[in-house]
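Readers should treat all values here as calculations from the given coordinates under stated rules, not as data from a laboratory. Quick caveat, the model's predicted, so the values are computed rather than measured. Ideal geometry is used to build each Cβ from the backbone, glycine not excepted, and the neighbour counts take in all protein chains shown.
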Amino acid sequence: MTESLELHVNGERIVAEVEAGTLLIDFLRKELHLTGTKEACSIGICGLCTVFLNGKTVSSCLMPAVFANGGHLFTAEGLQAVMDRDDVPEGAPDPKLWRIVQESFVECEGLQCGICTPGQVMSAVGLLKENHRPTVDEIRHFMAGNLCRCTGYQSIIRAIELAAERWGQEHAAV
Ligand code: FES
Ligand code: FES
């Protein structure tokens, strides 16, 4: 049995038929070949599969693809597509914030093997979207659901602190 699916992914309209019960992570990786979203635990613990759906971060390994029906979804591949547009597509993180977070991860060496990085970046964007100037404790608390097997946590926290500082300045300037 199949289910019909219609949604926007990285700003592009997608219409598809998926096997009933297909998980969102499998739809993204296997059907759309958007392999920037990673999978490890498959039970909602590690944060690798984090994507943005309708402006909120979700674990795509826990969610049936049909739950995203009618939605606006963004994956790690979406930044360039968002930045290439004059407007911010519905449900997208602010491209300036997204880019600030990515650049801060690179500058602070907040990645080693990089497997957890797409999920870390998505979650950090989700945090700074809601809280422009989080404390270190708030960052640690919010990011507790994103695991890094390379255990680069200090650099990840530093990267988010730097991004928060820059994002705060961006807001102060408006
Ligand atoms: S793969 Fe989804 S939370 Fe770990
Ligand atoms: S950088 Fe390797 S798992 Fe996090």
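Data overview
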{"read-out": "The chain pair-distance distribution - Cα-Cα, 10 Å bins, rounded %", "value": "11, 39, 35, 13, 2, 0"}
{"read-out": "Ratio of Rg to Rh over the range 93-173 (Cα coordinates, Kirkwood Rh, two decimals)", "value": "0.93"}
{"read-out": "Cα-Cα separations in the range 2-78 greater than 20 Å, expressed as whole percent", "value": "18 percent"}
{"read-out": "Charged-residue dipole, Cβ positions (Lys, Arg, Asp, Glu), the range 93-173 about Cα centre, Debye nearest 20", "value": "140 debye"}
